[in-house]
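Q: This is the structure, below, for whatever I ask next.
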Amino acid sequence: MNDARYRPASPPEPIVWRPGFAPRYTLFVDVEEQFDWNAPFERTRHSTSAMAAFPEAHARFREQGVALTCLVDYPIVDDPAAVEILRDVVADGRSEIGAQLHPGSTCPLVSR
């Protein structure tokens, strides 16, 4: 808009961060099962084998001081191997776990 009503009367003051203030951000990671997008949907036709690559990815982020917020869905939390991987992720003391409630893959007891 070029309307003067929507412009500040004077340029805003720049933000000056205190010395040593590092960039702050949150990195959300969708941690979900994989499946064939072209196949008809079926609640049980999925895999969590891609979780095997997660420790290496997490290590790269951890080495750079980046905490992850892992948003998981039911097939991930239902897989003991995936849970163990995520247990190691939150052991870094910075990363967190959150939930995604996808209607197609959420626990059958919740989606009935």
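Q: Would you please name the residue that is farthest from Ala99 (Cα to Cα), looking only at residues in the range 30-81 that are in a strand (DSSP E or B) and more than 13 Å from the chain's Cα centre (by Cα)?
A: Only one residue fits best here, namely Ser47.
Q: Do we have Ala39 as touching a Lys or Arg at 6+ places or on another chain (Cβ under 8 Å), modelled with pLDDT of 90 or more and not β-branched (Val, Ile, Thr) here?
A: Judged against the criteria, Ala39 is not a match.
Q: In addition: Out of all the residues in the range 10-29, which are within 22 Å of Leu71 (Cα to Cα) and exposed (fewer than 10 other Cβ atoms within 10 Å of the Cβ)? Walk me through how you get there before you give the answer.
A: Keep residues of the range 10-29 that are within 22 Å of Leu71 (Cα to Cα), which gives 24-29.
Scanning the range 10-29 gives Arg24, Tyr25, Thr26.
Q: Please give the number of the condition Pro19 fails out of (1) in contact with a helix residue (DSSP H, G or I) (Cβ under 9 Å, 6 or more places away or on another chain); (2) part of a loop (DSSP other than H, G, I, E, B).
A: (1)
Q: What are the pairs with Cβ atoms under 9 angstrom where one residue, in the range 21-39, is without any contact (Cβ under 8 Å) to a residue 12 or more places away in the chain and the other, located anywhere, is open to solvent by 80 Å² or more (accessible area, probe 1.4 Å)? Sequence gap at least six, or different chains.
A: From residues that are without any contact (Cβ under 8 Å) to a residue 12 or more places away in the chain, the pairs are Asp36/Arg45; Ala39/Arg45.
Quick grid of which residues meet (1) modelled with pLDDT under 95; (2) open to solvent by less than 30 Å² (accessible area, probe 1.4 Å); (3) closer than 15 Å to Phe28 by Cα:
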site	(1), (2), (3)
Arg45	yes, no, no
Glu56	no, no, no
Ala59	no, yes, no
Glu63	yes, no, no
Val66	yes, yes, yes
Cys70	no, yes, yes
Val77	yes, no, no
Ala82	no, yes, no
Ser105	yes, yes, no
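Q: Consider Leu101 carefully, then state whether it is open to solvent by 40 Å² or more (accessible area, probe 1.4 Å), part of a helix (DSSP H, G or I) and modelled with pLDDT under 90.
A: When the stated conditions are applied, Leu101 does not pass them.
The values are calculated or read from the model by the stated rules, or taken from the named source; none is laboratory data. All of these numbers come straight from a predicted model, not from anything done at the bench. Note: ideal-geometry Cβ built from the backbone for every residue, glycine included; neighbour counts use all protein chains shown. When the accessible area is computed, the model is the full protein with side chains, heavy atoms only, and any ligands, DNA or RNA have been set aside. Shrake-Rupley method; radii C 1.70, N 1.55, O 1.52, S 1.80 Å.
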